[in-house]
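Undergrad: Handing you this structure, nothing more for now.
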């Protein structure tokens, strides 16, 4: 082997070792940074009432669990067949919010309890999916 070829291969291996930590992770298929106000890194993040994760609510009549699959959809009780409009969401007892990616129960809360009766954010502890009502404040 000639000296230029050896030097070339050596420089190539050094360059490969320097660049290796900067290469993309093949296991993460979608990676985005969340909004600057949140100061967190999540795998997926959405905003807006129309994107609110599915919710599990308690029926005030028979105490059964009701599922609201879409934020803008009606709420129907599977046991006593009562129907509630989407506007009744704040008046019903929220039992859980379900992650739309992995179907785990999400952590959720309100930042401004004097302004909102419903959750303003939810984060999945398993897949790091994050939802925010809005960031106008």
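Undergrad: Taking the range 107-137 only, how many residues are farther than 20 Å from residue 48 by Cβ and touching a strand residue (DSSP E or B) at 6+ places or on another chain (Cβ under 8 Å)?
TA: 1
Undergrad: Kindly list the number of the only condition in (1) at pLDDT 90 or above; (2) exposed (fewer than 13 other Cβ atoms within 10 Å of the Cβ); (3) under 26 Å from residue 131 (Cα atoms); (4) more than 20 Å from the chain's Cα centre (by Cα) that fails for residue 78.
TA: (3)
Undergrad: Give me a count of the residues in the range 66-86 that are closer than 21 Å to residue 101 by Cα and not in a loop (DSSP other than H, G, I, E, B). Step through it out loud before you land on a result.
TA: First pass over the range 66-86, keeping only residues closer than 21 Å to residue 101 by Cα: 66-73.
Still in the list and also not in a loop (DSSP other than H, G, I, E, B): 66-68.
Final tally of qualifying residues: 3.
Undergrad: Follow-up. Being surrounded by fewer than 18 Cβ atoms within 10 Å (Cβ to Cβ) and over 13 Å from residue 54 (Cα atoms) is the filter here; which residues of the range 81-106 pass it?
TA: 81, 82, 83, 85, 87, 88, 90, 91, 92, 93
Undergrad: Take the conditions assigned to a loop (DSSP other than H, G, I, E, B), modelled with pLDDT under 75 and in contact with a strand residue (DSSP E or B) (Cβ under 8 Å, 6 or more places away or on another chain) and apply them to residue 38. Does it pass? Write out each step before concluding.
TA: On the way: assigned to a loop (DSSP other than H, G, I, E, B): yes; modelled with pLDDT under 75: yes; in contact with a strand residue (DSSP E or B) (Cβ under 8 Å, 6 or more places away or on another chain): yes.
When the stated conditions are applied, residue 38 passes them.
The values are calculated or read from the model by the stated rules, or taken from the named source; none is laboratory data. Model, not experiment: these values are computed from the prediction. Neighbour counts run over all protein chains shown; Cβ positions are idealised from the backbone, glycine included.
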